[in-house]
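Only the coordinates and a few stated rules stand behind these numbers; no lab work does. Note that the structure is predicted; figures quoted are calculated from it, not measured. Using ideal geometry, Cβ is built from the backbone for each residue, glycine included, and neighbour counts are taken over all protein chains shown.
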Amino acid sequence: MIPKTAEYALRAVVLLARAPEQAHSAEEIAESVRVPRRYAHKVLQALVRARLVRSQPGPGGGYSLVRPPENISILDVVAAVEPIPRIRRCPLGLKSHTSLCPLHRELDEAAAATERAFARVTIAQLLNQPDSVPPLCELR
């Protein structure tokens, strides 16, 4: 449904949202959310570029959220690392298709519906579910 990069980013943001006032090292994040360390760095840098996460160098530094978890949607995180592909014009390049054909229109609507669904749910809502199963990663 979503690329592995987006899944990794969501895991990292959920971890950071558990203690938004605390900075976590990339190594700690990688280990906690079961992401290869090198890949975690790549994902975290994309989240920094998207201004969802800040990087604080030095002793006691690490990564933390820029905004409160209530103000970060699943779509914000996914779009930061791997936006949901939308179909804007005929993928076949057919000149007679000045608008999307019925098939590509339906596929694009499915992508739009996914975006709407992801936009409706915040990271805080994920964490505040009355469920015994923690979202996306193990609790320590």
Relative contact order of the stretch 58-119, defined on C-alpha pairs under 8 angstrom at six or more residues apart (%) | 38 percent
Pull up all non-local amide H partners of VAL53: gap of 5 or more, or a different chain, and H-to-H distance under 5 Å with H placed in the peptide plane.
-> VAL48, VAL66
Ranking HIS41, HIS97 by Cβ neighbours within 10 Å, fewest first, what do you get?
-> HIS97, HIS41
With a sphere of radius 13 Å drawn around the Cβ of LEU47, what net charge do the other residues whose Cβ falls strictly inside it have (Lys, Arg +1; Asp, Glu -1)?
-> +4
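Apply 1/(1 + (r/R0)^6) to the Cβ-Cβ distance of LEU103 and LYS4, taking R0 = 25 Å, and write down the FRET efficiency to the nearest 0.05.
About 0.40, to the nearest 0.05.
Tell me, Kirkwood radius of the chain from alpha-carbon pair distances, in Å?
Details: mean 1/r = 0.0613 Å⁻¹.
It works out to 16.3 Å.
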Could you line up SER99, SER55 from fewest to most neighbouring Cβ atoms inside 10 Å?
-> SER99, SER55
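Do the sum for the chain: with -39,500 (n - 2.57) for every DSSP H run of n ≥ 4, divided by all residues, what is the mean residue ellipticity at 222 nm, to the nearest 500 deg cm²/dmol?
-15000 deg cm²/dmol
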List, in order, the whole-Hz ³J(HN,Hα) value for each residue of the stretch 3-20 obtained from phi through the Karplus relation with A = 6.51, B = -1.76, C = 1.60 and θ = phi - 60°; use x for Gly and Pro.
-> x, 4, 4, 5, 4, 4, 5, 4, 4, 5, 5, 4, 4, 5, 6, 5, 9, x
Work out, step by step, the length gained on full extension between ARG37 and LEU92: first 0.36 nm times the residue separation, then minus their alpha carbon distance; give nm to one decimal.
-> 15.9 nm
With the contact rule set at Cα under 8 Å and sequence spacing of 6 or more, what percent relative contact order holds for the chain?
-> 29 percent
Footprinting exposure proxy for VAL66, VAL121 (fewest neighbouring C-beta atoms within 10 Å first) | VAL121, VAL66
